[in-house]
Each structure stands twice: as C-alpha cells, then as structure tokens.
Amino acid sequence: MDPSTAGHLDFYIGLCLAVGSSAFIGSSFILKKQGLLRLAQKGSTRAGQGGHAYLKESLWWAGLLSMGVGEAANFAAYAFAPATLVTPLGALSVLVSAVLSSYFLNERLNIHGKVGCLLCILGSTVVVLHAPQEEEVVSLSTLAEKLKEPGFIVFAVGVVASSLLLIFLVAPRYGQKNVLVYILICSAIGSLSVSCVKGLGIGIKQLFGGKAVLRDPLFWSLLVGLVLCISTQINYLNKALDIFNTSVVTPIYYVFFTTAVVACSAILFKEWLWMTLERAVGTVGGFLGIILGIFLLHAFKDVPFSWDTLPIFLRQGHQGVLWRQTYVALLQEDTPVDE
C-alpha cells in the first residue's frame, strides 16, 4: 500500500476510534446514573453514603463495560491518529452525556447548554478538518530517538519538577482553597501519560506486525511510566472533584489537560511542523470553540433559562429585575408561575 494512502487510512481509523470512544464514555455515565437511581428507588444504601449495592446492579455494570470499551478505543486511537486530533475530541463525551441526560434522566438542557453542544460539534468538526494527517513516529526505535532530543528532555524535566513542586510545597498549603492546584498537577502529568499511551500504541501495532517489541526496554518503560502517571492523575483529580464543584473542575481540567497534551505533542512528535498556517489556525480555532462549548454546558447548567423564559430575562429596568427574581424564586420552590 502506498505510504500516503496508509497514512490517510490510519488517520480515519484513529478518527473513528476517537469518536466511538467519546460515544461509549458519554453513554457510560448515563447507564451508571440510571443504575444508581434504580437502587435509590429500591431503598438501597446509596454509594455516597458508603453503600456498594450498585455491584449487583446490571445497569451499573453495563456503564462500567461501556466505559472500558471507550477507554480501550481511546487508547487505540492514539496509535493511529495524532494526539492533536484525539485529545480535543474527548470533549464529545461531555456532549454525548449532556444530550442523553436530557432524554433519559430528564435533566433540563437550557439555552446555554444547547449552544454549548452546537459549539462542541462545530469545534470538533473544525479540529478534524484541520488536524495533521501525517504521522511522523511509526516505530519505537524512532520514538527512542525523539525522546533523546533536548527539547523534549527540557519539557519532561520541567513537567516533573513543577509537578513535584506543586505536590509537596503548594498542594499542602493551597490545594484545599484553589481549584487550579490539583488540576495543574493532573494536566501536567497527563501530558506525559498521553505520550506513554501513544508510544505503547505504536509498540502494540509493531507487535501485531511481527516485531519483537516485548524485548524492547522502552516498551516496558512506557508501561511503567503510564501506570505512575495515571495513578497520580486519578489521585489528584479525585481530590479536586471531592473539594470543588464538578461544573468548575470539568471545564478547567479539559482546557489545561488538552493544552498540555497539545504542547507535548508539538515538542515530541512535531505534528505541528507539517501543518500550514491555515491548518494550524483552524485547529486552534476549533479547540477554542470546544472550550467555549464545554464552558457553556457546565457553567450555566443550573440556570433556569429557556426559550419560554427569554422574554422575562430580556425585560429592562427595575421591573425586569423583579420578574427575574420572582421567576427564579418560584422555580426553586417548585411552584407554578402564574400567567
């Protein structure tokens, strides 16, 4: 097969895997939530109260299986497509979760949420159209050479040093007060974990191609590095979610994590060197559109704002303020609004 044709085929395989991963991961949240709600209706001890009855719930296990399939597809996507494409498309899982929640969990999707969904779709489309389609690193031997380059060594040392500084000096003092502390740790370490995933993906592709990858020390080094990075990410992301509101943590983490991964990808895999100015601007623009969409989905998800209430919120002056305050108060009390 012609190398150019093979490169395009890998790109589209990676794209399909990334989109499929988001669909499975987004669906997994809905299945798990439905399973937990079913248990609550039965009067079982809830997970938030220390109960483990969900282990006997089939819907919860279906959600866990869906999550596993999604993560496996995401892992495989990095072996075929550039990280610049795969990582931003992770936002689609948030979109899938938001849309399915409105249909199956009766969670209201207001105007901000609908606009956010549209921006996520448009931003993802722009990223797909402009992301690099050529893959430079296709073997572990090539990756080993890239890892020895001064640019990546400086980047990796900087990430590890800054993470250790945040973990041992900043987090004990400010981690409970500032949401950025734990998120910065997760994002910085996450950039290295994605590099490990991509390297392992390349190694697995070679393994299926008949190469003696399991004898390569780099393969096992990447595996150990991935375990360490993911363990650190899970630990500090759970701390952030336990202390701060999910609607705050999720969009901020997405922005910092994706930015760190794109920066690492640009230094290690040099995907951006093969992009024209138009494609680079399009990729950045699509990424910014996804960021705005995620922000609208989360930051305003509890605002009672719909097309029916739009005239109320658009009223000007003191009367409009009174109308808005009255309407919000009535919604909080679950009482109907008089015409």
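The values are calculated or read from the model by the stated rules, or taken from the named source; none is laboratory data. This structure is a prediction, so every number in the text was calculated from the model and none was measured. We place every Cβ from the backbone using ideal geometry, glycine too, and count neighbours over all the protein chains shown.
What about Q133, is it of a type in the set (S, T, N, Q) and at pLDDT below 85? For Q133, the condition - of a type in the set (S, T, N, Q) and at pLDDT below 85 - is met.
Against the condition surrounded by 16 or more Cβ atoms within 10 Å (Cβ to Cβ), at pLDDT 90 or above and either acidic (D, E) or over 20 Å from W272 (Cβ atoms) (or both), how does S97 come out, does it pass? Taking the combined requirement at face value, the residue does not satisfy it.
Would you confirm whether or not region 270-277 contains a residue that is at pLDDT 80 or above, part of a helix (DSSP H, G or I) and over 21 Å from the mean Cα position of the chain (by Cα)?
At the first step, the residues of region 270-277 found to be at pLDDT 80 or above are 277.
From what's left, part of a helix (DSSP H, G or I): 277.
Next cut, over 21 Å from the mean Cα position of the chain (by Cα) only: 277.
Yes, because at least one residue in region 270-277 is at pLDDT 80 or above, part of a helix (DSSP H, G or I) and over 21 Å from the mean Cα position of the chain (by Cα).
From the list K146, K211, the lone residue that is out of contact with any Ser or Thr (no Cβ under 7 Å at 6 or more places or on another chain), at negative phi, modelled with pLDDT of 85 or more and outside any helix (DSSP H, G or I) is K211.
K148: without any contact (Cβ under 8 Å) to a residue 60 or more places away in the chain, among the charged types (D, E, K, R) and buried (at least 16 other Cβ atoms within 10 Å of the Cβ), yes or no? No; evaluated as a whole, the condition is false for this residue. When region 104-120 is examined, which residues are found to be in contact (Cβ under 8 Å) with a residue 40 or more places away in the chain and assigned to a helix (DSSP H, G or I)? F104, I111, H112, G113, V115, G116, C117, L118, L119, C120 - these are the residues of region 104-120 that are in contact (Cβ under 8 Å) with a residue 40 or more places away in the chain and assigned to a helix (DSSP H, G or I).
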